[in-house]
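A.B. asks: Here it is: the structure, laid out below.
The values are calculated or read from the model by the stated rules, or taken from the named source; none is laboratory data. Please read all numbers here as calculations on a predicted model, not as lab measurements. Note that we place each Cβ from the backbone using ideal geometry, even for glycine, and neighbour counts take in every protein chain shown. Note: accessible area is taken over every heavy atom of the protein model, side chains too, but ligands, DNA and RNA are not part of it. Shrake-Rupley method; radii C 1.70, N 1.55, O 1.52, S 1.80 Å.
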Amino acid sequence: TDTHWNELGAFYGVQAMAQQLAKDFPGLRVPQLADFAVTWITWGGLDLGHMLGAHAWLRDHHPKLTVRPGLELPPFQRDMKVLFYHDSFGGVLPHLWLAYFPNTEFHLYHHFDLEEILADKAQLAISLLVERSLRDLRKY
C-alpha cells in the first residue's frame, strides 16, 4: 500500500543505473541480487493506507535486502565521488547504492547544482526524479 519503491524495486533501479554507468566506466561492478540476503518484514499500511484511513490495521509484506559480507569493488568505483539528487522515491535507495558507490552524498529535494558539483569535485552527479504527482514537478 505504498506508491514508493520497496527495497526490491529500489534494487532494480540501482541495477539499471549501474548498467548504464558501466558503459562509461569499464570494469564497474553492477549490482546482482545474489549480493544481498532477502528477508521479508511486515509493516503497517503506508501512503495509500493513510489515504484510505486504513494504515492502523492494513499490513504489507516488504522485502528487506542486506548486503552479504565480502562484496568487493574495483578501487575506482569505491573512490568515485558521487552526488545523488533525489525525490521521495529515492528514500529507500541509499543503503543499496552505497554498497556499490560508498563515496556518495545524497540530497533530498535538492536542485541540481552545478556549482556544488564542481566545488565537491564530483566525478558523477545523478538526478533521480520519479514523481507520482505532475503538480509537484514544479518543486524541481
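A.B. asks: Does region 72-129 hold any residues that are touching a strand residue (DSSP E or B) at 6+ places or on another chain (Cβ under 7 Å), hydroxyl-bearing (S, T, Y) and open to solvent by less than 70 Å² (accessible area, probe 1.4 Å), and which are they?
C.D. replies: If the condition is that a residue be touching a strand residue (DSSP E or B) at 6+ places or on another chain (Cβ under 7 Å), hydroxyl-bearing (S, T, Y) and open to solvent by less than 70 Å² (accessible area, probe 1.4 Å), then Y85, T104 are the ones that fit.
A.B. asks: If you go through region 104-112 one residue at a time, do you hit one that is closer than 26 Å to T39 by Cα and at pLDDT 75 or above?
C.D. replies: Yes, some residue in region 104-112 is closer than 26 Å to T39 by Cα and at pLDDT 75 or above.
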